[in-house]
Structures are given as C-alpha cells and as structure tokens.
Amino acid sequence: MSFDDLGLSKKVLAAVEASGYTEPTPIQAQAIPHVMQHRDVLGIAQTGTGKTASFTLPMLSLLEKGRARARMPRTLILEPTRELAAQVEENLNKYSQNHKLTVALLIGGTSFEEQFKKLDRGADILIATPGRLLDCFDRGKILMTGVEVLVIDEADRMLDMGFIPDIEKICKMVPFTRQTLFFSATMPPEIERLANQFLQNPVQVTVARASSTSETITQYAVASEIEDWEKRALLRKLIDDAEELKNGIVFCNRKRDVANLWKSLDRHGYSAGALHGDMDQTSRTATLKAFKDNKISLLIASDVAARGLDIPDVSHVFNFDVPVNAEDYVHRIGRTGRAGRKGTAYMVVTPEEQKGFEAIEKLIDKEIDWLGDKVEWDERAGKKRRGKKGKSDRPEKSRSKAPKQANEAEEARPRNRRGKDIIPEIDHSDATHAFGGEEHVPAFLLNAG
Ligand code: ADP
Ligand code: MG
C-alpha cells in the first residue's frame, strides 16, 4: 500500500513525501479513502499508530476547494490537552507547506491576540480544546456555522478529563450537515454512545485491539513495599540497571507524586524533567522540548499530561504506580516499542495494588513477568487506609514526622519481599528526607486538621 492509492491531493502527497513517510500506517490506509469521500469515520487505533495524519492529510486535500470566511472556521479539530492541540498544529504546518491555508489554535494558557486576528480574517482550520472554544464562542469571537468537517480526536481522553458535556454542546453548535471524524484509542461505552449520537452512518475503522500491547515491548513487574522512599529507591535501581537505557518516561498516578519524584531524582543527580497538569504552558513546552532534544533523559509524567504526546523513540517506560485504569497501562507502555522498535516497561507493584494489577493482566490477556519475587498481596488492602498494614509480622510504621523514621527504615530492610538480585542494597538518603519534609507527609495526615 502506498500513499498514492488513497485519493489524496498532489500537494498533500508532495508534503508527505517531504516528511519522509514512505507507507501509510494501517489506520491511515483504511481511514483516508473514506474521509476523502466525505464519509463520517469512527477510527479506533492504539496510541502511536498515526491517527493524526489519518484525518489531517485528507482534510487538507478537501480544503483545497473553497475558502475561509471571517470568523467562520471551515474545519474544527477538538483535542483534550494543549500539548496535543499544539502537536496537531505542528503536524498540519508540516503537511500544509504547499498550501496557503490558515491554521488557528485556541488553547488555554497562551495569548489569543494572534489567534483572534487569524480567526477574524478567516481560518481554514481551527484546533481547540473544548473549554477554550466554548469560552470564545460565548464571547462572540467565532461562529460555528461554517464548519464543514469536525474532528473529535483522542475521544477516550476527553472522557477521562470530563469533557463529554462540552463535546456534546459543541456537536450541537456545528451544522448538522458537517462531516464528522472521530478518533479514539479505546472504546468505552460512554464513547460509543457519543459516537452513535453524533456520527451519521459512519465507517468504522478498527486497528488492533486497544487492549493489546505491542509484542516488541518486554514487560516486567517488580514488587515493592508501599513506602514512597522504598519505591523511589527501587525505581533508581531499575533505572541504574536498565539495559540500553536511552531515555525513559516515568509514570505516576498523582501529580503530587510527579513533582516529588522529580525533585528526588534530581537530588540524586538524574537528568530528569517533570510534566503534569498543574504546570504552566511555558514550562511544559520547555520540558517536553528538552526531552525530545535529549537534553534530559527521564520524563516524569502523569497520565493526563502524557496522553498522546508524540515522543518518538523512548527506550523505557517505568510505572511508578500501578495505574488505576488498566487501559492507562496500555497507553503508558505504548510510549515505547513503537514502529517495530524494541522497548522495555517496568511496573512497581505494592502489596495493596492487587486489584489494579490483575485488571491489567486481564485486559492485556497476558501474564506479566516478575523481576525477582512476586509481590505478596495484602488481602486486607482496600478495606482500610493506606499505610495500615494487615500482616502481624510487619509492625505498623509511625506516621509522625519524628526523626526516628530513619531507623525504622533500616529495620525494614530484612523484611523486604522484593528479589535480592534486584535490590541488593538500598540507599536510605531519601528515607530521612522523606519524613522530614512536608511534601512527603501522607495526605490523610495533612488533611486531618
Ligand atoms: P496517534 O495519534 O495514533 O497516537 P500520531 O498521529 O501522534 O499517533 O503518530 C505517532 C507517530 O508516528 C508520530 O511521530 C508520527 O510522525 C509518526 N507517523 C505517522 N504516520 C506515519 C507514517 N505513515 N510513517 C511513519 N511514521 C508515521
Ligand atoms: Mg493522537
């Protein structure tokens, strides 16, 4: 299959060639001809399979006919995050080098002067996050009545971020006669309902199960105690021992952990940057760029911040926690092993994370190998607070900020259940810090007063 067979315009084909793509990916090969025929398309394919080009390339071809009118964008692309929106813009700039088309971007955290000017003059393509778009619409800055093509991209992430009501509103504001293109990595029931509601007689294109993980990724689980400093020590060990580590992404479930872990790794001399939802746009972009340019080799990120980001060539993924949604695991480790390359993914698993871990194995329909000893599940986990251990052979650790914690950490070592070959020795420098600094006090203690 070649790009020439998909019905794309000459200008687009020339840009594709210039970008170095030689062959369409499966989702591109299957979706593009239908988009070119003005059909509604429902495209389901894993992260990293080239969904962006499967709607941008035909859109550009279709836009060659006609022109934009003031304040009335001709096409609208909805993205869940600023980074993804900016990334789609980058893609469009690359593919539209032979066109004279105007692309406007409406995302939070940036100045709008320039974008409004473009919209006023007439934008062919508007890329927006839902909230920002509705905001501008309410202020009378844009009219949606000229939208010929609507793209809802990364729909499952929209769902995770609570954007579905906004999407529904927007869908009702654009003309009924529009063409709708809908892309998602997974298809939970809420997304299916949304697709049924807003797509007309769509062609469904599905590439590989969203629950499948690439065969090129070697996956490991590693048992850890639940204390944060133990997890951090284990993570450092994994990083140090990782073979052929070029660069890696470390995923945390909570953004607070992203910040803490980044500080800790930085203190230990690792070349790392952090990416989470609370950071301003400038520092997020800077971190991402530093990572892409290999100026930092580890990126600590939360799921929301990292979803869909186009980071080519990651050699390792480290899961600092078992993700709460099993599907997030598929997305996380999908950052490595792309395009047939080899990748390695580690997941730190604590005794309390049995449910999440088993959900992942069920979803990917595969047993994950343990590096060292398998975790000993805490049967009473989930029935009580984190930190209260159920096993009588494990004395409960004091949660006070008292400095005696360092000694307890020392005592804890012989009881470690992780494989000796993995962690022959633990550096306790974090332990002292862990209980000395505010940042590491368990949340329930901070909230207690
Ligand atoms: P998705 O949205 O499915 O997660 P993207 O559209 O962001 O994936 O594409 C993932 C990566 O694949 C990007 O780096 C992109 O440049 C690259 N890519 C897309 N299409 C092709 C192709 N036909 N040949 C080679 N690389 C491609
Ligand atoms: Mg995408």
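Numbers below:
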item: Amide H contacts of residue 203 (H built 1.01 Å from N, under 5 Å, at least 5 apart or other chain); result: 40, 41, 42
item: In nm, spacing of pseudo-spin labels at residue 226 and residue 17 (7 Å Cα→C-beta vector); result: 6.1 nm
item: Alpha-carbon Rg/Rh ratio, for the stretch 38-195, with Rh computed the Kirkwood way; result: 0.92
item: Packing-based ranking, highest mean first, of 313-319, 105-111 given that Cβ atoms within 10 Å are counted; result: 313-319, 105-111
item: Added length on full extension, which subtracts the Cα-Cα distance from 0.36 nm per residue, residue 281 to residue 373; result: 29.0 nm
item: Cβ-placed point charges (K, R +1; D, E -1), dipole of the stretch 3-206 about Cα centre in debye, nearest 20; result: 860 debye
item: Estimated FRET transfer efficiency when R0 is 25 angstrom, pair residue 293-residue 216 (beta carbons, to 0.05); result: 0.50
item: Cα→Cβ-extended label distance, 7 Å offset, between residue 244 and residue 172, nm; result: 5.3 nm
item: Label-point separation, residue 256 to residue 365 (7 Å along Cα→Cβ), nm; result: 3.9 nm
item: Cα shape, the stretch 1-52, gyration tensor, a/c 1.5 rule; result: oblate
item: Loop sites in the stretch 226-283: GluC sites (Glu not before Pro), DSSP, at most 10 other Cβ within 10 Å; result: 243, 244
item: Rounded Å value of the spacing that divides the Cα centres of the stretch 182-203 and the stretch 130-151; result: 21 Å
item: With eigenvalues of the C-alpha gyration tensor scaled by 5 and rooted, the stretch 141-183, Å; result: 19, 12, 8
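Read the figures in this text as sums done on the coordinates, not as results from a lab. If you're wondering where the values come from, they're calculated on a predicted model, not measured in any experiment. Using ideal geometry, Cβ is built from the backbone for each residue, glycine included, and neighbour counts are taken over all protein chains shown.
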